[in-house]
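Engineer: Got a structure for you, questions after.
The values are calculated or read from the model by the stated rules, or taken from the named source; none is laboratory data. Bear in mind that the values here come from a model prediction, so they are computed numbers and not experimental data. Cβ placement follows ideal geometry from the backbone for every residue including glycine, while neighbour counts extend to all protein chains displayed. Areas reflect the complete protein model, heavy atoms only, side chains present, ligands, DNA and RNA absent. Shrake-Rupley method; radii C 1.70, N 1.55, O 1.52, S 1.80 Å.
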Amino acid sequence: MSTRIFPPHLDLPPLAGMRGTVRLPGSKSISNRTLLLAALAEGETEIRDLLDSDDTRRMLEALAVLGVEVNGDAASGVVRVRGCGGLFPNGEGKLFLGNAGTAFRPLTAALAVAGGRFELSGVPRMHERPIGDLVTALNAMGAGIEYLGTPGFPPLRLTGGAVKVSGPVRVRGDVSSQFLTALLLALPMTRDGALVEVEGELISKPYIDITLNLMERFGVAVERDGWASFRIPSGTRYKTPGVIAVEGDASGASYFLAAGGIGGGPVRVEGVGERSIQGDVRFADALESLGIQVARGDNWIEARAPADGRIRAFDLDLNHIPDAAMTLAVVALFADGPCRLANIASWRVKETDRIAAMAAELRKVGAGVEEGDDFLVVTPPTRWQGAAIETYDDHRMAMCLSLATRGGVPLRILDPGCVAKTFPEYFEALASVSQPEGVPVVAIDGPGASGKGTVARMVADALGFRYLDSGSIYRVAALAAIRNGVALDDEAEIAALGAHLDVVCEGESVLLSGEDVSEAIRTEEVSQAASRIAALPALREALMWRQRAFLGRPGLVAEGRDMGSVVFPQAGLKVYLTASVEERAARRHKQLIDKGMRASLAGLLQDLSERDERDSRRSVAPLGKAEGARELDSTGLSPQAACERIVGWFREQVCR
Ligand code: DC
């Protein structure tokens, strides 16, 4: 599976328009339920479009501990699970389930019913999330589950007590619907049939629909009386449907639909549509009720701004879409008055106390927030403020707050890696539909010694723009790798180092952890090392956001390999600066002689020809003219003349 490396923070630019199409990753809720059902079923199940994220990995790891055979991996989108018909090959073991509620609750019930001695634990936050109502229901049937820490909370020990259904199984429904989901998924294994009665008002009902729908796909039809009781017929057993495809994540869709609504749009999500089994598609109905225009197809949904541009203030009961409701808290920032999000008490027992967390972070950007036990009232900011946003190890906090950049302020998202829980590619997907607010970018690339560095800096000065010498960032990473003794082909280590690099560019100086390394990064050893590590995709990805953070008013001149194609694809002017290899060799020769160094013109000519050849053939970010780039052959041109030509092109374009 792919392991992504995230920097300690991301600096997101203010966003103006949002437009485009996003293919959603698989739904977490469906992925983990499907994995468990496939493991419990008779026969082999091929699962397609499985989500590849932290929570699904925890479930896959748990199945491995239980001895369930799983082939393929989620990164490829297809796994095959050999079902064990309810009898796990391993009858004991320790399961670490991270912060994955969709793994912890259903596995607790499934293992209690299957029998065996297990310890189930998670991250500290998982140990603060309640599970007492589920344990009480299972123990009432003879499971004998013990608390290893605080009563009512994980970690748990399953002692292998025999579960027997005699009479109705009662479970509370007003803390987490996952308790009911867990019982429904597990009880068919008793073969005795069971009547499950819900005590209290059931919350998050659409998640129960997902559970029932998937159970039916695996051959178990549950009879129900509204939301109060559920009957599992006797003699049932799970049978594989053969092949099953996981729908796109409807909660993940909410960020992009909101982006379309607040950012002009249209933004389309693919992977969920009208026929989705996920309750969170109802988020689109909520958007519509605010005036946002929504269109739907079988497998897609699209949102765009209200026809009159006004997002209506709202007062909505959001109990049925607790996860997507968080996105509405951010949409509220753009509404025409105070907005009330009601009946959201379950937020308090999720990945973090989401009511408290949301209130704190929305206030940072300038909103007025009133916080109650089970509601929030959000008043849109009168003055937006840039801020550093805490994410509380909660993927949804990071994804929601990233949309607040639409308020015209830059935001720093701390610990952005928490999105890996359900949507590892979130920030790339967001960038792909984002148009940074009106900040012009000039991207300049070209072969070695084409003078692009000198010319780019002159262009930045002439326009009064910021300047990014992206090569120096790769050079600093190379220097840090050499100093820390990291092997230059150790992609994961190099990328981790790149992600945590403390680099500051001040004028013509480059600082690494406060030390001026402007000279040190220009040595031959560092040049060679930079060229090698620049071919590592994981490093390029780790450095991408660092480079994007240079974007700012009044504009940016960005120089380097993939500036116009990957890092700033929105650049209004892209220039490919070339010169004949002979002229480039002569320029480099003069540079070296002027510095008092010895140099051979023939040697430089050969070096440059070889480098051109190597660079244009490399598979990652090869040297070449970006799509839409204008080529400027500077053979016979002074740097001043090349600069004037580029500035002329820029002004032409602005005036057009
Ligand atoms: O432009 P430069 O020589 O300072 O760049 C140092 C190395 O980094 C060089 O091998 C090219 C590589 N590089 C890159 O791959 N992508 C960039 N955007 C900038 C530089």
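Engineer: Carbon and sulfur atoms: what percent of the 1.4 Å accessible area of the chain do they account for? Don't skip to the answer; put the middle values down first.
Structural biologist: Working: 12190 of 25530 Å².
Percent of accessible area from carbon and sulfur atoms in the chain: 48.
Engineer: At a probe radius of 1.4 Å, what is the per-residue accessible area of TYR238, in Å² to the nearest 10?
Structural biologist: For TYR238, the solvent-accessible surface is approximately 10 Å².
Engineer: I'd like to check one number: the per residue accessible area of region 362-490, probe 1.4 Å, reported in Å² as a whole number. Walk me through the numbers on the way to the answer.
Structural biologist: On the way: 4280 Å² over 129 residues.
Value for region 362-490: 33 Å² per residue.
Engineer: Taking the Cα centre of region 163-318 as the origin and placing charges on Cβ (Lys, Arg +1; Asp, Glu -1), which of ALA284, GLY263, VAL220 is farthest toward the positive end of the dipole?
Structural biologist: The one lying farthest along the dipole's positive direction is VAL220.
Engineer: On to the next question. Across region 221-233, in residue order, what do the Karplus-derived ³J(HN,Hα) couplings come to in whole Hz, using 6.51 cos²θ - 1.76 cosθ + 1.60 with θ = phi - 60° and x for Gly and Pro?
Structural biologist: 9, 8, 8, 9, 10, x, 10, 8, 8, 9, 10, 9, x
Engineer: Relative contact order for region 443-591: what is it in percent, counting Cα pairs under 8 Å that are at least 6 residues apart? Could you put the intermediate results ahead of the total?
Structural biologist: On the way: 200 pairs, mean separation 64.4, N = 149.
For region 443-591, the relative contact order is 43 percent.
Engineer: What accessible area, in Å² to the nearest ten, does a 1.4 Å probe give for ARG553?
Structural biologist: The accessible area comes out at roughly 150 Å².
Engineer: Something else now. Can you work out the FRET efficiency for the pair TRP649 and GLU288, with r the C-beta to C-beta distance and R0 = 51 Å, to the nearest 0.05?
Structural biologist: My answer for the efficiency is 0.70.
Engineer: Separate question: If R0 is 41 Å, what FRET efficiency do you get for GLN640 and HIS500 from their C-beta distance, rounded to 0.05?
Structural biologist: Details: r = 40 Å, r/R0 = 0.96.
Given R0 = 41 Å and the Cβ-Cβ separation, E is 0.55.
Engineer: Could I ask something else about it? What accessible area, in Å² to the nearest ten, does a 1.4 Å probe give for THR523?
Structural biologist: Roll a 1.4 Å probe over it and THR523 shows about 60 Å².
Engineer: Another question, if that's okay. Just the accessible area per residue of region 572-656, please: how many Å² with a 1.4 Å probe?
Structural biologist: On the way: 5380 Å² over 85 residues.
Ligands and nucleic acids excluded, the result is 63 Å² per residue.
Engineer: Quick check: Cα centre of region 399-423 to Cα centre of region 280-359, how many Å?
Structural biologist: If we compute the Cα centre of each part, the gap is 17 Å.
Engineer: Any chance you could check the Cα centroid distance between region 466-537 and region 610-626 for me, in angstrom?
Structural biologist: 20 Å
Engineer: Determine the sum of side-chain charges near GLY72: Lys and Arg each +1, Asp and Glu each -1, restricted to other residues whose C-beta is under 13 angstrom from that of GLY72.
Structural biologist: -3
Engineer: Another question, then. Considering the zone a paramagnetic label at GLN591 would reach in this model (a point 7 Å from Cα along the Cα-to-Cβ line), which residues of region 470-503 have amide N under 19 Å from it?
Structural biologist: 470-479
Engineer: GLU42 to ARG553: FRET efficiency via 1/(1 + (r/R0)^6), r the Cβ-Cβ distance, R0 45 Å, to the nearest 0.05? Write out the running numbers ahead of the final one.
Structural biologist: On the way: r = 63 Å, r/R0 = 1.40.
The pair GLU42/ARG553 has a calculated efficiency of 0.10.
Engineer: Also: Across region 462-471, in residue order, what do the Karplus-derived ³J(HN,Hα) couplings come to in whole Hz, using 6.51 cos²θ - 1.76 cosθ + 1.60 with θ = phi - 60° and x for Gly and Pro?
Structural biologist: Once rounded to whole Hz, the list reads 5, 8, x, 8, 6, 9, 10, 9, 5, x.
Engineer: Here's another thing I want to ask about it. With a cap of 15 neighbouring Cβ atoms within 10 Å, and only residues DSSP puts in a loop, list the GluC sites (Glu not before Pro) found in region 503-549.
Structural biologist: On the way: sites: GLU506, GLU508, GLU515, GLU519, GLU524, GLU525, GLU541; in loops: GLU508, GLU519.
Taking region 503-549 and a limit of 15 other Cβ atoms within 10 Å, the loop GluC sites (Glu not before Pro) found are GLU508, GLU519.
Engineer: How much mean residue ellipticity at 222 nm does the chain get from its helices, if each DSSP H run of length 4 or more adds -39500 (n - 2.57) and you divide by all residues, to the nearest 500 deg cm²/dmol? Write down the numbers at each step before the final one.
Structural biologist: On the way: 20 runs with 232 residues, N = 656.
About -11000 deg cm²/dmol.
Engineer: With each label point set 7 Å from Cα along the Cα-Cβ vector, what nm distance links ARG598 and SER616?
Structural biologist: 3.3 nm
Engineer: Right, something else. With the crude spin-label approximation of a point 7 Å out along Cα→Cβ, what separation in nm comes out for GLU197 versus THR523?
Structural biologist: Those two pseudo-labels are separated by 7.9 nm.
Engineer: To continue, here is another question. With each label point set 7 Å from Cα along the Cα-Cβ vector, what nm distance links ASP336 and THR136?
Structural biologist: So the label points at ASP336 and THR136 sit 4.8 nm apart.
Engineer: Counting only residues 5 or more places away or on other chains, whose amide H sits under 5 Å from the amide H of ALA558 once H atoms are built in the peptide plane?
Structural biologist: VAL442, ALA443, ILE444, LEU468
Engineer: Can you tell me how region 297-371 classifies by the Cα gyration tensor, rounded, prolate or oblate, using a/c under 1.5 as the rounded cut? Intermediate values should be presented prior to the final figure.
Structural biologist: Values: a/c = 1.99, a/b = 1.24, b/c = 1.60.
Oblate shape, in that a/c is at least 1.5 and b/c is the bigger or equal ratio.
Engineer: Which cross-chain or sequence-distant (5 or more) residues have an amide H under 5 Å from the amide H of ALA194, H modelled 1.01 Å from N in plane?
Structural biologist: Result for ALA194 returns ILE232.
Engineer: Within the chain, how many Lys pairs that are eight or more residues apart, or on different chains, come under 19 Å at the alpha-carbon?
Structural biologist: Going through the chain pair by pair, I get 9.
Engineer: Please calculate how many Å² of accessible area region 104-209 carries per residue, with a 1.4 Å probe and no DNA, RNA or ligand atoms counted. Each step should come with its number before you reach the end.
Structural biologist: On the way: 3590 Å² over 106 residues.
Computed with neighbouring chains in place, this is 34 Å² per residue.
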